[in-house]
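Student: Please find one structure pasted underneath; my questions will follow.
Please treat every number below as a calculation from the coordinates, not as lab data. Keep in mind the model is a prediction, meaning the values are calculated, not measured. Cβ: placed from backbone, ideal geometry, glycine included. Neighbour counts: every protein chain shown.
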2 protein chains.
Amino acid sequence: MITRKDAATFFTRGYEKYLPHVSVDCVIFGFHRAELKLLLLKWKQANIWTLPGGYIGRRESLEAAAHRVLRDRTGLKNVFLHQFHAFGSTKRKEASIRKLFGILGLPVSRDAWPLGRVISIGYYALVDFSRVRPQADYLSDTCAWHAIDERPPLAFDHDDIVTKALETLRSSLDSPSLVATLLPERFTMPELQRLHEAILGRPLDRRNFQKKMLDRGIVERLAERRTGGAHRSPFLYRFTTQT
Amino acid sequence: MITRKDAATFFTRGYEKYLPHVSVDCVIFGFHRAELKLLLLKWKQANIWTLPGGYIGRRESLEAAAHRVLRDRTGLKNVFLHQFHAFGSTKRKEASIRKLFGILGLPVSRDAWPLGRVISIGYYALVDFSRVRPQADYLSDTCAWHAIDERPPLAFDHDDIVTKALETLRSSLDSPSLVATLLPERFTMPELQRLHEAILGRPLDRRNFQKKMLDRGIVERLAERRTGGAHRSPFLYRFTTQT
């Protein structure tokens, strides 16, 4: 638990522990009930939503910083994390950060180090929705999943970061090992199709989709079926081991 | 022309103009005589080779900084430049930079800002070899092309940066607009094949290669042939306009 005093120390002397001017931002995707979800933070006492992110410790690698942010917000370790782009426009920071500091009653001197320009390196993660215990940070009062199409507008250039992450994810859909991280070990063909549709943002033809997955040897059908539904019992599939 | 005094000012007060802790490094590829070449800098009075790179101006975007480095070293503007990865290991900097400062007779106080840890964002460029006028910077006495397989060992983690750039370039070979930037407007099929072979680092079958290029509609054969050679006059091709 980080106290208000810790937060004040971070704002006045955080540069002793962290590198100024460079950060990581994490686009954390989960899949639940046929929807692609995004994990977002809401700042304390302000209606400002952002991606989880953080500065890089002076003795911490870039990669380790991204894993730390992910672990702190989700409780998950050893998760697939993919660096996709560095964002370095001169207009990244807005008045909103200054406003927030005021609301929180934190020192806002003109040359406070977190007000300086920041170049941020974007990572995206694909996580098992059911295993995540969202955890707010000391700047936020909420950490919560949002359906990708119904998310609130994000602060800074975080909407651009999400758009770029989604583009990268779409162009990686042919990599089964990546998609596998968003599904349970055994799944039905409609579940796999809905995941692809959620990432692509458009419907796919059922027959063509099933044919493509089987022809390419990406998935294999198991002897079991899913039981317990009201009507049919669909076959279960899993990703083939060579992927 | 940058003088020794300018260089000394850069080392003592450069942080006023540039952001500390973050830089760009450019992997500049050219293609000449069937070889993939790399543009490298040799530091003054030291046998240390590096990639061209630089800090980011406080009022300059990340993208603009990469273009500036490329323009300063090659004389080229509006060149295809692709951001491919950010490098942020804690072990990026070595004693070599301190050694160099000493050799150059520049101030080397323990807390000089360029001795601090730097996270570097890698860009690769594909340039027309014939249009480049290599230009050394104030830290270097040579800026020169090297065949990719015969390059000297590079300082810092620059060999890792080259390896990653090459991996990205290889996985982008299916994008004709990218390859087009390394060839003249009209080229022969053997020239196109040699470019692919140089990037992939292995020989390709002539018949299969030609068939693949034509079947996929990437290139089209022109009515003209190249004349002037001792023996045959090979057909000329160009990339199809839809690419």
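Student: Net charge around B:Asp6, counting only other residues with Cβ within less than 15 Å of its Cβ (Lys, Arg = +1; Asp, Glu = -1)?
Tutor: On the way: positive: B:Arg4, B:Lys5, B:Arg13, B:Lys17, B:Lys44; negative: B:Glu16, B:Asp72, B:Asp137.
Residues close to B:Asp6 contribute a combined charge of +2.
Student: Just to be sure I understand the model, the point goes 7 Å from the Cα along the line to the Cβ. What's the resulting A:Arg71 to A:Arg133 distance in nm?
Tutor: Between A:Arg71 and A:Arg133, the simple spin-label model gives 1.5 nm.
Student: Related question: Shortest first, in nm, what separates the label point of A:Arg238 from those of the same position in the other copies (7 Å along Cα→Cβ)?
Tutor: Inter-copy label distances (nm, one decimal, shortest first): 5.5.
Student: Name the aspartates and glutamates eligible as straight-distance cross-link partners of B:Lys211: C-alpha to C-alpha under 17 Å, and not fewer than 8 places from it in the same chain.
Tutor: B:Asp174, B:Glu191, B:Glu197, B:Glu220
Student: Among B:Lys91/B:Lys164; A:Lys44/A:Lys77; A:Lys37/A:Lys164, which pairs are too far apart, with a Cα-Cα distance over 21 Å?
Tutor: Numbers: B:Lys91/B:Lys164 17 Å; A:Lys44/A:Lys77 26 Å; A:Lys37/A:Lys164 16 Å.
Long pairs (Cα-Cα over 21 Å): A:Lys44/A:Lys77.
Student: Where does the protein assembly as shown land at 222 nm, in deg cm²/dmol rounded to the nearest 500, when only DSSP H runs of n ≥ 4 count, each adding -39500 (n - 2.57), divided by all residues?
Tutor: One gets -9000 deg cm²/dmol as the mean residue ellipticity at 222 nm.
Student: Rounded, prolate or oblate: which fits region B:1-136, taking a ≥ b ≥ c as square roots of the Cα gyration tensor eigenvalues, rounded meaning a/c under 1.5, else prolate when a/b beats b/c? Could you put the intermediate results ahead of the total?
Tutor: Values: a/c = 1.71, a/b = 1.50, b/c = 1.14.
Because a/c hits 1.5 or more and a/b exceeds b/c, region B:1-136 counts as prolate.
Student: Between A:Lys211 and B:Ala144, what is the label-to-label distance in nm when each label sits 7 Å out along the Cα-to-Cβ direction?
Tutor: Roughly 5.9 nm, to one decimal.
Student: To the nearest 0.05, what FRET efficiency results for A:Asp159 and B:Arg98 with a Förster distance of 51 Å applied to their C-beta separation?
Tutor: Values: r = 43 Å, r/R0 = 0.83.
The calculated FRET efficiency here is 0.75.
Student: Follow-up. Can you classify the protein assembly as shown as rounded, prolate or oblate using the Cα gyration tensor, where a ≥ b ≥ c are the square roots of its eigenvalues, rounded means a/c under 1.5, and otherwise it's prolate if a/b beats b/c and oblate if not?
Tutor: Working: a/c = 2.31, a/b = 1.05, b/c = 2.20.
Cα axes put the protein assembly as shown in the oblate bin.
Student: Compute and list, largest first, the equivalent-ellipsoid semi-axes of chain B from the alpha carbon gyration tensor, each √(5λ) rounded to a whole angstrom. Working shown, then result.
Tutor: On the way: eigenvalues 307, 58, 51 Å².
Here the semi-axes work out to 39, 17, 16 Å.
Student: In nm to one decimal, list the spacings between the B:Ser171 label point and its equivalents in the other copies, with label points set 7 Å along Cα to Cβ, shortest first.
Tutor: Output for B:Ser171: 1.0 nm, nearest copy listed first.
Student: Another one. Give me the distance between the Cα centres of region B:1-39 and region B:58-103, rounded to whole Å.
Tutor: 5 Å
Student: Next up: Starting from the 7 Å offset along Cα-to-Cβ, what nm value, one decimal, do you get for the label separation of A:Leu204 and A:Thr90?
Tutor: 4.4 nm
Student: What does the charge count around B:Glu16 come to, taking other residues whose C-beta lies under 14 Å from its C-beta (Lys +1, Arg +1, Asp -1, Glu -1)? If you can, show how the numbers build up before the last one.
Tutor: Details: positive: A:Arg117, B:Arg13, B:Lys17, B:Arg58, B:Arg59; negative: A:Asp111, B:Asp6, B:Glu60.
Net charge around B:Glu16: +2.
Student: Now for a separate question. Could you calculate the contour length gain from B:Arg225 to B:Ser177, that is, 0.36 nm times the residue separation minus the distance between their Cα atoms, to one decimal place in nm?
Tutor: Numbers: separation 48, 0.36 × 48 = 17.28 nm, distance 2.29 nm.
Between B:Arg225 and B:Ser177, full extension yields an extra 15.0 nm.
Student: Would you please give the FRET efficiency between A:Asn47 and A:Asp111, computed as 1/(1 + (r/R0)^6) with r the Cβ-Cβ distance and R0 = 25 Å, to the nearest 0.05?
Tutor: Efficiency computed from Cβ-Cβ geometry: 0.35.
Student: In addition: Looking at the protein assembly as shown, what % of its DSSP beta bridges pair antiparallel, to the nearest 5?
Tutor: Working: 56 of 76 bridges.
Antiparallel bridges: around 75 percent, rounded to the nearest 5.
Student: Tell me the distances, shortest first, between B:Asn78 and the same position across the other copies, using label points 7 Å along Cα→Cβ, in nm to one decimal.
Tutor: B:Asn78 label point versus its equivalents elsewhere: 5.2 nm.
Student: Can you tell me which of A:Leu214, A:Leu104, A:Leu200 moves the most in a GNM of chain A? Springs connect C-alpha atoms under 10 Å apart.
Tutor: Sorting by GNM fluctuation, first place goes to A:Leu214.
Student: What range in chain B is the longest one free of trypsin sites (Lys or Arg not before Pro) that are in a loop by DSSP and have at most 15 other Cβ atoms within 10 angstrom?
Tutor: Details: sites that count: B:Lys17, B:Arg33, B:Arg58, B:Arg59, B:Lys77, B:Lys91, B:Arg110, B:Arg186, B:Arg216, B:Arg226, B:Arg232.
That would be B:111-185.
Student: A further question on this structure: Hand me the GluC sites (Glu not before Pro) from region B:136-234 located in a DSSP loop with no more than 13 other Cβ atoms within 10 Å, in residue order please. Please list the in-between numbers first.
Tutor: Numbers: sites: B:Glu150, B:Glu167, B:Glu185, B:Glu191, B:Glu197, B:Glu220, B:Glu224; in loops: B:Glu185.
Taking region B:136-234 and a limit of 13 other Cβ atoms within 10 Å, the loop GluC sites (Glu not before Pro) found are B:Glu185.
Student: Across peptide A:79-92, what mean number of C-beta atoms from other chains lies inside 10 Å of a residue's C-beta? Don't skip to the end; give the middle numbers.
Tutor: Numbers: counts 0, 0, 0, 0, 4, 3, 5, 13, 3, 13, 4, 8, 1, 2.
The per-residue average across the peptide is 4.
Student: Same structure, new question: Normalising by the residue count of chain A, find the relative contact order in percent from Cα pairs under 8 Å and 6+ residues apart.
Tutor: Values: 396 pairs, mean separation 57.8, N = 243.
After rounding, I find 24 percent.
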